[in-house]
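Please treat every number below as a calculation from the coordinates, not as lab data. Keep in mind it's a predicted model, so treat the numbers as computed, not measured. All Cβ positions, glycine included, derive from the backbone under ideal geometry; neighbour counts span all protein chains shown.
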Amino acid sequence: MAASKVVIVRGKGVLPRKGDVDPKILSRIYDLGLRLLTGQNDAAAGLRSIFFPYDRVGIKVNAIAAPDLATPPEVSLPFARLLSEIGIRDKNIMIWDRTNRELKEAKYRLNSDGDGFKIFGTDTAGVGYSGEPLIHLNIGSLFSAIQSNLITASVSLAILKDHGLAGITAGLKNYFGAIHNPNKYHDDNCNPFVAELFDSPPIKTKHRLTILDALVVQYHRGPSYHARWAETYEALIFSTDPVAADFIGWQVVDKLRQTKGLPSLEEDKRLPLYIQTAERMGLGRAKPADIQVIEEAV
């Protein structure tokens, strides 16, 4: 079986100033990342190998630590435009998270019923959560109707950061924002809950792509923003293997911790065990020998 591919593309100068993203450099990051990930000649062909024109695509962002440590519109909207360019209708591209308040704090302009891309939270009137809890292994939750009903394909466009309980939060744990009761699932370093939630049908059957926003990495004292422990890393990480993406994200966080003289997550008793659990459940790869890492710069 071929190794899972994880692509890290770094763009020097992509963050010229705090809160700003250089669109030209970001565009080159997306283009190179999607080409290397899919083996296609351009980003459009790469996306066509993952999505279909008739898909309704949910781009699950993470705005919980807005405005300083959230997936910004300057990162998610260019990706949405790439999806539009391969024939997916704008109204079928949904950038979303838990609440409208968090999205607005992350500088999004909400749009739940107008023309163009949909940008809205689960708490939007008429959206909400499923009426009955879905029971799956140790998970018993109401799912956002966006994830369960409105989309056919899902992208986890997540912030890569340290997490005081889980070790890291990245693409897999981003889906905690798709349920009504994530507070229930933080015991034992969030293990096995992160893996079991991802394994639930509304997520597992729809997830197509993980993109980790590592433009700024919170390598300590996450998931909240602390400038002292936030490193400008200037990268996006791409993979169609959600477990491999998070495994490599974990290595990035641990390497940053090492360079800053901090103990590893294992030494800090915050090993992200849910990543190995996810591998055992067959959700992806979490061994270095099984992962092909391609690292490039634009």
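A straight Cα-to-Cα reach below 14 Å connects Lys91 with the aspartates and glutamates Asp55, Asp113, Asp115, residues fewer than 8 places away in its own chain not being considered. When a/c is below 1.5 the answer is rounded, else prolate if a/b is larger than b/c, else oblate, so apply that to the stretch 154-218 with a ≥ b ≥ c taken from the square roots of the Cα gyration tensor eigenvalues. Because a/c hits 1.5 or more and a/b fails to exceed b/c, the stretch 154-218 counts as oblate.
Is any residue of the stretch 1-40 close enough, with backbone N under 15 Å, to a label point placed 7 angstrom from the Cα of Ala227 along the Cα-Cβ axis, and if so, which? Zone members listed by number: 17-20. Using just its DSSP H runs of length 4 or more, each adding -39500 (n - 2.57), the chain gives a mean residue ellipticity at 222 nm of -7500 deg cm²/dmol after division by all residues.
Here the stretch 89-168 was treated as a single set of alpha-carbon atoms; its pair distances binned every 10 Å from 0 give 16, 41, 34, 9, 0 percent.
Hull volume per residue, based on the alpha-carbon atoms of the stretch 191-288 and their convex hull, is 107 Å³.
Simple point charges give the picture: +1 on the Cβ of Lys and Arg, -1 on the Cβ of Asp and Glu, and for the stretch 187-255 a dipole about the Cα centre of about 200 debye.
Counting Lys and Arg as +1 and Asp and Glu as -1 over every other residue whose Cβ lies under 13 Å from the Cβ of Asn41, the net charge comes to 0. By the equivalent-ellipsoid construction on the alpha carbon gyration tensor, the chain comes out with semi-axes of 25, 23, 20 Å, ordered largest to smallest. Note on the stretch 139-189: Rg/Rh from Cα positions, Kirkwood definition for Rh, rounded to two decimals, is 0.99. Dividing the radius of gyration of the alpha carbons in the stretch 104-229 by their Kirkwood radius gives 0.97 for Rg/Rh. For the stretch 1-66, the calculated P(r) over all alpha carbon pairs, in 10 Å bins from 0 to the bin holding the longest distance, is 18, 36, 37, 9, 0 percent.
Across the options Leu103, Leu283, Ile151, the greatest Cα extent toward the positive end of the charge dipole of the stretch 4-297 (unit charges at beta carbon of Lys, Arg, Asp, Glu) belongs to Leu103. Is the C-alpha gyration tensor of the stretch 1-113 telling us rounded, prolate or oblate? Criteria: a/c under 1.5 is rounded; beyond that, a/b larger than b/c is prolate, otherwise oblate. Because a/c hits 1.5 or more and a/b fails to exceed b/c, the stretch 1-113 counts as oblate. Placing unit charges on the Cβ atoms of the charged side chains and taking the dipole of the stretch 4-297 about its Cα centre, the candidate lying farthest along the positive direction among Gly116, Thr169, Tyr274 is Gly116.
This ranking places Ser144, Ser84 by how few other beta-carbon atoms lie within 10 Å of each, fewest first, which gives Ser84, Ser144.
Packing-based ranking of 124-130, 99-105, 136-142 yields 99-105, 136-142, 124-130, ordered from highest to lowest mean Cβ neighbour count within 10 Å.
Summing charges over all other residues whose Cβ lies under 12 Å from the Cβ of Ser239, with Lys and Arg as +1 and Asp and Glu as -1, gives +1. A Cβ-based charge dipole, computed about the Cα centre of the chain with Lys and Arg at +1 and Asp and Glu at -1, lands at about 320 debye. Charges were assigned to the Cβ only: +1 to each Lys and Arg, -1 to each Asp and Glu. The resulting dipole of the stretch 18-93 about its Cα centre is roughly 200 debye.
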